[in-house]
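See below for the structure under consideration.
The values are calculated or read from the model by the stated rules, or taken from the named source; none is laboratory data. As the structure is a prediction and not an experimental result, all values here were calculated from the model. Here the Cβ positions follow ideal geometry from the backbone for every residue, glycine too, while neighbour counts run over all protein chains shown.
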Amino acid sequence: MTFPDFLVALRKAGCEVKIAKQYSIKPPDSKKFFRLDTLGEDYSHSAIIERLSGRRIVAKHEISDGSAARKTDEYAASQKCPNLLFDIQAKIAEGAGAGYVQWIRIFNIQIAARTLIFLKENGIDSYDELCEKSAASSSEFHSRLARIKEIEARQQDISELQKQIGNYVKNRDVYAKYKASGWSQDFYEVHASEIILHRAAKKYFNELGLKKLPSINQLKQEWAALDSERRKLYSGYKAAKQKSVTLGTAKTNADVMLFGSRTPKQKHQDRDTR
């Protein structure tokens, strides 16, 4: 990881980064920017580069503030979920320094242990069970997401249809008078906007193949029912996404721990060609 990688990681985590004489960030839950070096000497530009390269080791600080301790506990709890293992060979090929490679090895051991603890705590006793649960959680999340998108698309269609029905009904009398005038150009010039809206609405209905227009009340009821379903789906959306990501990460780590850099499918292919 280089310093630009670090800045990219901050942005992916939801932080805003401001680059001037000093680097400043605004975390997702903050209303203002603060300079990194105000956190201490270990957070200056040069210190962060040294830490990323493994040339600078920072000891954990004592925590005396109660709120800080709670935040640390929350962070520790979140770390029960496994992170992805580093590909050490890839990092060596990129020219990572010996200190950084050693840090990666230690990090990978910690993540491997955390992955095993996660599997045990979640009652996952076999690789096949992990694969099944990972696939199921991914399927459940993507099904939920697909239905949410489907609902939102239909709600947009309903809103547009309501708008066009309104334009059609509102300008129907004017259009009838225009027709009765024998399509008078003088009448058109006075009522052009109403006539255009009425024609556009009729064209819209024809493109949808509507033989009979639904009532506004029917459309409102359908929109409300869809919105109720959408809210229920969204209530479990984040949890479903987190579960899918966490199990997927554990599955990827298990693949690396059991099969190395080659996937189980590649291992089987190797055996079949022998």
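Some notes on this structure:
- Tally of residues being hydroxyl-bearing (Ser, Thr, Tyr) and over 22 Å from the mean Cα position of the chain (by Cα) across region 125-148: 2
- Residue match in region 206-221 (condition: part of a helix (DSSP H, G or I) and at pLDDT below 90): no
- Applying a threshold of 7 Å to beta carbon distances and a minimum spacing of six or more residues, or different chains, the list of pairs starting in region 119-147 at a residue that is within 16 Å of Leu258 (Cβ to Cβ) and at pLDDT below 90 and ending at one that is exposed (fewer than 12 other Cβ atoms within 10 Å of the Cβ) and charged (D, E, K, R) is empty.
- Extreme residue, surrounded by the fewest Cβ atoms within 10 Å (Cβ to Cβ), among residues of region 232-263 that are in a helix (DSSP H, G or I), touching a residue at least 40 places away in the same chain (Cβ under 8 Å) and small (Gly, Ala, Ser): Gly248
- Scanning region 222-231 finds no residues that are of a type in the set (D, E, K, R), modelled with pLDDT under 90 and loosely packed, with under 13 Cβ neighbours inside 10 Å.
- Yes/no for Arg144 being in a helix (DSSP H, G or I), in the same structural domain as Leu213 (by TED's automatic domain parsing) and in contact with a helix residue (DSSP H, G or I) (Cβ under 7 Å, 6 or more places away or on another chain): yes
- For the condition modelled with pLDDT under 95 and not assigned by TED's automatic domain parsing to the domain that holds Glu229, Leu116 qualifies.
- Taking the criterion of being among the polar types (S, T, N, Q) and within 38 Å of the chain's Cα centre (by Cα), the residues of region 156-205 that qualify are Gln156, Ser159, Gln162, Gln164, Asn167.
- Boolean, Ile151 is more than 18 Å from the chain's Cα centre (by Cα), in a helix (DSSP H, G or I), of a type in the set (A, V, I, L, M) and closer than 25 Å to Gln221 by Cα: yes
- Among the residues making up region 177-191, a single one is part of a loop (DSSP other than H, G, I, E, B) and of a type in the set (Phe, Trp, Tyr): Trp183.
- Considering Lys179, Lys133, the condition of being charged (D, E, K, R) and touching a helix residue (DSSP H, G or I) at 6+ places or on another chain (Cβ under 6 Å) is satisfied by Lys133 alone.
- Positions within region 1-24 being surrounded by 11 or more Cβ atoms within 10 Å (Cβ to Cβ), modelled with pLDDT under 80 and out of contact with any Asp or Glu (no Cβ under 8 Å at 6 or more places or on another chain), in sequence order: Met1, Thr2, Phe3, Leu7, Val8
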